Amino acid sequence: MPALFGRVSPSVVVVKATGKERAQGSGVVVGAGQVITNYHVVAGATAVEISQGEQKWTATVEAIEPKRDL
């Protein structure tokens, strides 16, 4: 199991969304500059920040699929 964690952990990020309410969740890097997270984390967000360790990036919601919570 430790070997698997070492391979996949670089793809896991923290997603923080602010707007009317604040929300935090996890996300998975699926491509260059692309992260998938749950819809309920970013719903109504006016700002989204992605972080991994000490690194932080500003993000933009490009697509949503509320029925699938993505």
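Select from region 17-33 the residues that are of a type outside the set (A, V, I, L, M, F, W, C) and in contact (Cβ under 8 Å) with a residue 12 or more places away in the chain and list them in ascending order. Let's see the steps before the verdict.
Initial filter on region 17-33 (of a type outside the set (A, V, I, L, M, F, W, C)): 18-22, 24-27, 31, 33.
The answer is Thr18, Gly19, Lys20, Glu21, Gln24, Gly25, Ser26, Gly27.
Looking only at region 37-70, which residues are free of Cβ contacts under 8 Å to residues at least 40 places away in the same chain and within 15 Å of Pro10 (Cβ to Cβ)? Correct list: Ile50, Ser51, Gly53, Glu54, Gln55, Trp57.
Checking each residue of region 3-16 against the condition of being without any contact (Cβ under 8 Å) to a residue 24 or more places away in the chain and open to solvent by 90 Å² or more (accessible area, probe 1.4 Å) gives at least one match. Inside region 17-66, residues that are open to solvent by less than 80 Å² (accessible area, probe 1.4 Å), of a type in the set (A, V, I, L, M) and over 23 Å from Arg7 (Cβ atoms) make up a count of 10.
The values are calculated or read from the model by the stated rules, or taken from the named source; none is laboratory data. Keep in mind that what you see is a predicted model, and the values were worked out from it rather than measured. With ideal geometry, Cβ positions are generated from the backbone for all residues, glycine too; neighbour counts draw on all protein chains shown. Ligands, DNA and RNA are excluded from the accessible area calculation, which covers all protein heavy atoms including side chains. Shrake-Rupley method; radii C 1.70, N 1.55, O 1.52, S 1.80 Å.
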